[in-house]
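Here's the structure we're looking at; comments come further down.
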Amino acid sequence: MKDNNILITEMIRYYAGDPKRIQHFIKVYTFAKMIGEKEKLPAGEQFILETAAIVHDIGIKPAEEKFGQCGGKLQEKEGPAAAQKLLTALGYPEKVIARVCYLVGHHHTYDGIDGMDYQILVEADFLVNLYEDGVSGEAVERAGEKIFRTKSGTDILETMFQK
Ligand SMILES: [Fe+2]
């Protein structure tokens with residue numbers, strides 16, 4: 001399997017001068033990697049999950065440049081093309097790129113989750129966003145019921161936000 005360190009370095013460069021976004025994707029990547037390993041994803045799916053977590057918010061920049069805003073749906077719209085360009089330039093396999101682009105284009109869509117890679121990416125993004133957005137205990141509970149499906153992700157959610 002390809003090493004993702006070059007991709008991580010490229011994404012840090014992509015968000016140069018924006019430490020908040022760099023810290024965001026590193027946290028999402030770390031949670032996704034850990035949950036995927038604990039849930040025993042097959043190696044190929046684990047690699048797709050980790051790659052998708054690194055680039056999942058890549059659509060933020062083109063969305064801001066084109067529309068002056070970066071809401072979830074705009075990010076999903078603009079993300080896949082940007083991810084495709086970067087991953088192709090770095091020589092990622094076509095099959096990996098196709099699934100990663102799908103995940104980038106759907107990571108704010110919570111119906112129709114069609115795989116563990118997708119499920120875990122969403123959980124990892126929630127673990128980070130619930131904290132970064134400073135949401136209420138009630139919203140954490142709601143996310144636990146509506147979004148979280150894996151045991152590993154749910155354990156982290158409950159421990160992190162325990163009262
Ligand atoms: Fe995110």
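Observations on the model:
- Leading residue by the ranking (nearest to the chain's Cα centre (by Cα)) among those in the stretch 45-71 that are within 20 Å of GLY105 (Cβ to Cβ) and of a type in the set (Gly, Ala, Ser): ALA53
- Candidate set: the stretch 137-163, residues that are of a type in the set (Gly, Ala, Ser) and within 17 Å of the chain's Cα centre (by Cα); chosen: the one surrounded by the most Cβ atoms within 10 Å (Cβ to Cβ): GLY153
- Counted residues, the stretch 1-25 - those being assigned to a helix (DSSP H, G or I) and farther than 21 Å from GLY44 by Cα: 12
- Whichever residue in the stretch 1-28 is over 13 Å from VAL55 (Cα atoms) and aliphatic (A, V, I, L, M) and, among such residues, is modelled with the lowest pLDDT: MET1
- Among the residues of the stretch 112-136, those that are at pLDDT 95 or above, away from the ligand (no atom under 16 Å from the Cβ) and either farther than 19 Å from LEU41 by Cβ or surrounded by fewer than 16 Cβ atoms within 10 Å (Cβ to Cβ) (or both) comprise ASP114, GLY115.
- Selection count, the stretch 65-85, where residues are at pLDDT 95 or above and touching a Phe, Trp or Tyr at 6+ places or on another chain (Cβ under 8 Å): 1
The values are calculated or read from the model by the stated rules, or taken from the named source; none is laboratory data. All values derive from a computational prediction rather than experimental measurement. So basically every Cβ, Gly included, is an ideal-geometry build from the backbone, and we count neighbours across all protein chains shown.
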